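Presented below is the structure to which this report refers.
Every number in this text was worked out from the coordinates using simple rules, so none of it is lab data. The structure displayed is predicted, hence computed values, not measured ones. Note that each Cβ is placed from the backbone with ideal geometry, even for glycine, and that neighbours are counted across all protein chains shown.
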Amino acid sequence: MKRIMGLDIGDRWIGIALSDLMGWTAQGLKTLERTNIKKDLQKIEEIANENEVHTIIIGLPKNMNGTIGPQGEKVQSFAERLRNRTNLNIVYWDERLSTISAERTLLEADVSRKKRKTLIDKVAATYILQNYLDSINK
């Protein structure tokens, strides 16, 4: 069985989550600090290969009216380069409010402000992936 990977792509960090082998639950894996596009793509490809990933769910930031803004265009550009490099199935998932939900979860867990900064993207990637998994498992 293969896994599904979830990504929350930002300018400084990439949150990474993986599904369980059954494709029911998402677990946060890590937060990758961005260096340059080639190294970022290489690291994600390595993680995908190590975990036998067949599909990558990428959080697509949209404006509240549903349009794609400059950040969404950056994410789409990154995703296309990732698709060309890995030949994996790439699925965009509306990530509106995922970071807010992740922040709320970390606040409720009484995680310090400093620690929240390092966890927020991983937790957001987990929300993105879990929402996707829930939608396909209905």
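A few comments on the model shown:
- Relative contact order (%) - criterion: Cα under 8 Å, at least six apart; region: the range 3-136: 35 percent
- Here N63 and S135 are evaluated by their C-beta separation; at R0 = 25 Å the FRET efficiency comes out at 0.70.
- Span-like helix ranges in the chain, DSSP H, alpha carbon extent 18 angstrom or more, Kyte mean at least -1.0: 37-50, 113-136
- Pairwise centroid distance, computed over Cα atoms, of the range 46-63 with the range 1-42, Å: 6 Å
- Stretching I37 away from N51 to a fully extended chain increases their span by 2.9 nm, per 0.36 nm per residue minus the current alpha-carbon distance.
- Most mobile listed residue (L18, L60, L119) in the chain, GNM with C-alpha springs under 10 Å: L119
- Length gained when the stretch N87-S112 is fully extended (0.36 nm per residue, less Cα-Cα span): 5.1 nm
- Extent along principal axes [Cα atoms of the chain; Å; largest to smallest]: 39, 34, 30
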